[in-house]
Amino acid sequence: MITRKVLSCCVFLYATAAMAQTDSSLTTVPFVQEKRQKAIVPSLIAPAVTIAYGCISLESAALRQVDREVQSFLQYRDRPFRGDDYLQYLPVAAVYGLNLAGVKGKNRLLDRTIILGMSTLLTVATVKGGKQLTQRLRPDGHAANSFPSGHTATAFMGATFLWMEYKDTHLWYGIAGYALATGTGILRVYNNRHWLSDVVMGAGIGILNTRLAYWMYPAIQRTLFKKDTNISLYFSPFTTGDTYGMSMQLRF
């Protein structure tokens, strides 16, 4: 029997996939719109499969058994390795690091920062909502907020961000980003913080929300920002005693 949890996840999947089409509907040339829609479909396959797997795992005894078997195989024996707390942010850091090194990506610094902000908001909202809805117990039994994996969602969000910015000019940067994201997911299982299906679901969420942000941004840009608008983005480091940080200022 299909329960409320599975139905809720499926509704989320199809709703986000439908939203991804919204900016293409603003295109005035039918041929361009049809071509864009055909290009969108293949990019939805990976997140659709992973999210569907995660949704089905909520009520599938077979997939929950897979979770337990993978957990038994991968879980640490001596001590955990907390590198996943930092590894999840490396793909995003790589985008800005490459920009500072003079390696230009697909979008300007301002545009990519807005896109990243959009994908972050979508990912945080989706992860928080999923945890509240499902209340799955973590493998270590410490909390009922295991599904989906927020670390993995963040890592794959960043990996997709890196991929979208550099896939046309530096393919291996994007591949390295996905390798880092996969490593983050493996460590979440190794550290006994998540089940395999939590990680798979998180990966799908991160990929889908970042692609959704890229698809939506052109329409938002055309609506909010006129061509003659002078917009500037500034970054400046600061220090206060033992505290170090970076401030961002947007002028328009």
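The values are calculated or read from the model by the stated rules, or taken from the named source; none is laboratory data. It should be emphasised that the depicted structure is a prediction, and the values quoted were computed from it without experimental measurement. Every residue, glycine among them, receives a Cβ derived from its backbone with ideal geometry; neighbour counts consider all protein chains shown. Ligands, DNA and RNA are excluded from the accessible area calculation, which covers all protein heavy atoms including side chains. Shrake-Rupley method; radii C 1.70, N 1.55, O 1.52, S 1.80 Å.
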Checklist entry - Of all residues in segment 140-167 being in a loop (DSSP other than H, G, I, E, B) and charged (D, E, K, R), which is surrounded by the most Cβ atoms within 10 Å (Cβ to Cβ)? => result Lys167
Next on the checklist: Tell me yes or no: at least one residue of segment 168-191 is closer than 19 Å to Tyr214 by Cα, touching a helix residue (DSSP H, G or I) at 6+ places or on another chain (Cβ under 7 Å), of a type in the set (D, E, K, R) and open to solvent by 60 Å² or more (accessible area, probe 1.4 Å).
Outcome noted: no
Checklist entry - Inside segment 38-124, counting only helices (runs of 4 or more DSSP H) that do not spill past its ends, which hold 1 or more residues that are without any contact (Cβ under 8 Å) to a residue 24 or more places away in the chain and open to solvent by less than 40 Å² (accessible area, probe 1.4 Å)? => result 90-100
